[in-house]
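Below is one structure, written out as structure tokens; the observations come after it.
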DNA sequence: CTTTTCTGTATACGTTATACACAGAACTAG
DNA sequence: CTAGTTCTGTGTATAACGTATACAGAAAAG
């Protein structure tokens, strides 16, 4: 794990992007980054992110914990690689003839699906901008959807980011509500029931609007969250649509 | 930390809401939940969330680590209380005569401000629905802004949630970009420069849209993120506005 | 008083991430 | 072919962590 070469990329990224300078001197590596990350993902899928330790991952691939440090700089780096691997490749949007809106909707739902497959991924404590291969591939696909819209590149990036953050947030919410398939039930019983019991704690004087919401019975629905992502996505797409319309009208106004 | 009483609330919440059943038997508690949480917040503000350990917090209030467990069930609970305390009270929205949109905008910006004051808060690994006092107070304020809009309670809650998640995501992004004031610089230098170096790794064939974005120079702006939150907020508010309009027209259409 | 019940302490355990030094493998130079 | 170099994975060690358990003393109830 040397720290820099001419590419200007941090060492951790060079490996992930497959730009590793061949040492060609010492013994052949018995491992690969992919095998390590794959093992870590497998553990996280099976036992949760909290069970991913350097020792466990190392054991899974049949080496000592310290051997992993020949491939990753530290655990955070491994986590970032796990998230990237868990994300997988983006969908092939925009499809021919697909509107930007349909393309981005598909893109967002696909991200949601990926996260649901790896429920630990949206909760992984990763910092920094998305720079790993799959993340970048997703970004590119998102940007492509917005190609014909007349938005500035800046705005396109912001829009992509907006949707991506939205999806991550909602999948986390969904998992919090116990709709996950991993069976690891929360220690406090049904979270929705717990939340409903707030009604017995709050007073109308302090929290009038929430009291009204409880009284309306809106929260008695079994799982109102499965289309919560749909709600957020539609709202954000409406907002982007409004922006596109505004930019278009401004441009045509300026041209005349 | 008994586990339940008649209120139906988890034990951890009863304490936070101040509904503690007075034991009135043993020695007077020398501590309070507030003092503990306050100390933990102070440590997180000063040294980051990673430096918040039970030992450190205990030392800060002058007791042993194990003493804290008379007040909180475990560390995760303490973290949740920290986030709630760091959030603080919501703004007094909606102000008289304020539109729902202006109210929610103020609400969202205020949340952003709170998170910027405690940069660790949006990254705290908290799970579950927002049920702590300040979180609930914020929810109520958000709902109040939407009072006259004709939205269902379900939709109001979704909209609030949407904005809240948005703000959290963007503050995290902002912190990732190093615009934080905590001085803890990332180990890899300027993150924006690192990101720009992606341009040397990606090929136009693989990532055409991203290549174009890089070529446009849109990423050369010093800090394009300070109004990134503004962008997202406006988009989401536009989306909510569109929903309100749609619901209103449907209602009037049905009535005629 | 005695008994009960609660507080904070002391101690201990199992895990964790990771620093450091080293044995052996695979190559290069002579 | 030998000697030197460089890289791999191992062994061992350390400091810190969350928290279980058992206990000493304080305060109130009977």
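The values are calculated or read from the model by the stated rules, or taken from the named source; none is laboratory data. Owing to the predicted nature of the structure, the values given are computational and were not obtained by experimental measurement. Ideal geometry is used to build each Cβ from the backbone, glycine not excepted, and the neighbour counts take in all protein chains shown.
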Residues in the stretch B:46-84 that are more than 12 Å from DNA strand C (Cβ to nearest atom) and under 23 Å from residue B:137 (Cα atoms): how many? 9
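Could you say whether any residue in the stretch B:158-168 is more than 21 Å from residue B:45 (Cα to Cα), surrounded by 21 or more Cβ atoms within 10 Å (Cβ to Cβ) and more than 13 Å from the chain's Cα centre (by Cα)? Give the steps one after another, and end with the answer.
Our first condition is that a residue be more than 21 Å from residue B:45 (Cα to Cα); within the stretch B:158-168, this holds for B:158-166.
Narrowing further to those that are surrounded by 21 or more Cβ atoms within 10 Å (Cβ to Cβ): B:158-163, B:166.
From what's left, more than 13 Å from the chain's Cα centre (by Cα): B:158-159.
Yes, the stretch B:158-168 contains at least one residue that is more than 21 Å from residue B:45 (Cα to Cα), surrounded by 21 or more Cβ atoms within 10 Å (Cβ to Cβ) and more than 13 Å from the chain's Cα centre (by Cα).
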Which one of these does residue B:152 not meet: (1) at pLDDT 95 or above; (2) surrounded by fewer than 17 Cβ atoms within 10 Å (Cβ to Cβ)? (1)
Can you tell me which residue in the stretch B:30-69 is nearest to the other protein chains (Cβ to nearest Cβ), limited to those that are exposed (fewer than 13 other Cβ atoms within 10 Å of the Cβ) and within 10 Å of DNA strand D (Cβ to nearest atom)? B:50
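Sort out which residues of the stretch A:45-74 are part of a helix (DSSP H, G or I) and farther than 22 Å from residue A:117 by Cβ, and write them in order of number.
Step one: list which residues in the stretch A:45-74 are part of a helix (DSSP H, G or I), which gives A:45-47, A:49-51, A:54-61, A:65-70.
Within the stretch A:45-74, A:54, A:55, A:58, A:59, A:65, A:66, A:67, A:68, A:69, A:70 meet the criteria.
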Quick check: is even one residue across the stretch B:82-102 closer than 29 Å to residue B:158 by Cα, buried (at least 20 other Cβ atoms within 10 Å of the Cβ) and within 16 Å of DNA strand D (Cβ to nearest atom)? yes
Looking only at the stretch A:113-127, count every residue that is within 14 Å of chain B (Cβ to nearest Cβ) and over 14 Å from residue A:166 (Cα atoms) and tell me the total. 7
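Please work out if residue B:136 is at negative phi, within 7 Å of chain A (Cβ to nearest Cβ) and modelled with pLDDT under 95.
On the way: at negative phi: yes; within 7 Å of chain A (Cβ to nearest Cβ): yes; modelled with pLDDT under 95: no.
Taking the combined requirement at face value, the residue does not satisfy it.
Does residue A:208 count as at the interface with another protein chain (Cβ under 8 Å from one of its Cβ atoms) and modelled with pLDDT of 90 or more?
On the way: at the interface with another protein chain (Cβ under 8 Å from one of its Cβ atoms): yes; modelled with pLDDT of 90 or more: yes.
It is true that residue A:208 is at the interface with another protein chain (Cβ under 8 Å from one of its Cβ atoms) and modelled with pLDDT of 90 or more.
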Under 7 Å by Cβ, and 6 or more places apart or on different chains, what pairs join a residue from the stretch A:21-41 that is farther than 18 Å from residue A:58 by Cβ with one that is more than 13 Å from DNA strand C (Cβ to nearest atom) and part of a loop (DSSP other than H, G, I, E, B)? A:21/A:5
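For residue B:31, are the conditions met, namely being farther than 27 Å from residue B:164 by Cβ and not in a helix (DSSP H, G or I)? It would help to see each step written out before you state the result.
On the way: farther than 27 Å from residue B:164 by Cβ: yes; not in a helix (DSSP H, G or I): yes.
Spelling it out, residue B:31 is indeed farther than 27 Å from residue B:164 by Cβ and not in a helix (DSSP H, G or I).
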Here is a list of conditions, (1) closer than 22 Å to residue A:125 by Cα; (2) free of Cβ contacts under 8 Å to residues at least 40 places away in the same chain, and residue B:106 meets all of them except one; can you say which number that is? (1)
